[in-house]
Amino acid sequence: MATKKHKKSPAQSSRKKLWIFRPVLLLLLMFAIGGSVYAPELKGNFIFDDGFYVQHNPNLKNFSTLIHWKKFRTYRPLYWFSFYLGKQLWGNHPAGYKMVNLISHVLTAFILFFFLLRLLELKGVYDRWFALAASMLFLVSPLATEAVSYISGRNNGIGGLFFIIGCFLY
């Protein structure tokens with residue numbers, strides 16, 4: 001049996017992926033842009049509540065005190081566990097904590113790109129450039145500075161990441 005060759009429609013051929021829309025390259029580009037925008041912040045010190053929540057928090061010294069969540073003002077196990085791991089890995093050096101915040105912020109922007117693509121497709125529009133522009137704007141927005149520079153603001157980055165993943169999967 002001979003196989004038929006299908007011609008691509010003009011719409012399909014115009015959807016040819018540019019290098020920027022390949023997921024791995026897009027993620028690398030977002031890390032490069034996010035890293036360059038927030039690089040000065042990675043050199044910063046603990047600010048505001050960071051000393052209370054991370055630097056001088058006796059509950060982060062060992063896991064046995066960590067599992068007693070009633071000692072904390074808020075019940076956010078992933079939030080506190082991330083601080084515990086950070087304390088074990090980086091001690092009182094804020095750069096490591098801020099790097100984790102940067103990674104979660106970049107991943108949020110990356111997932112936002114795909115969420116916006118899906119949302120636009122549901123509306124009958126396939127505009128990768130709009131989704132890219134919106135996710136890049138989210139990545140470099142001065143309003144999102146707190147998600148990276150403020151270590152205690154990690155709940156914004158983690159919450160945003162899981163919120164967008166939840167919306168994307170719904």
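Readers should treat all values here as calculations from the given coordinates under stated rules, not as data from a laboratory. Quick caveat: nothing in here was measured; it's all calculated off a predicted structure. Glycine also receives a Cβ, built like all others from the backbone with ideal geometry; neighbour counts cover every protein chain displayed.
Numbers below:
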{"item": "Loop-located chymotrypsin sites (Phe, Trp or Tyr not before Pro) in region 25-58 whose Cβ has at most 14 other Cβ within 10 Å (DSSP)", "result": "PHE48"}
{"item": "Separation of the ALA39 and TYR75 label points, Cα + 7 Å toward Cβ, nm", "result": "4.4 nm"}
{"item": "At R0 = 30 Å, FRET efficiency that the Cβ-Cβ distance of LEU27 and GLU146 yields, to 0.05", "result": "0.85"}
{"item": "Chymotrypsin sites (Phe, Trp or Tyr not before Pro) restricted to DSSP loop in region 106-136 with at most 13 other C-beta within 10 Å", "result": "TYR126"}
{"item": "Potential lengthening between PHE52 and LEU137 on full extension [0.36 nm per residue; Cα-Cα distance subtracted]", "result": "27.4 nm"}
{"item": "Relative contact order computed over region 78-163 (Cα-Cα under 8 Å; 6+ residues apart), in percent", "result": "39 percent"}
{"item": "Efficiency of FRET from Cβ geometry, ILE165 and TRP90, R₀ 22 Å, rounded to 0.05", "result": "0.30"}
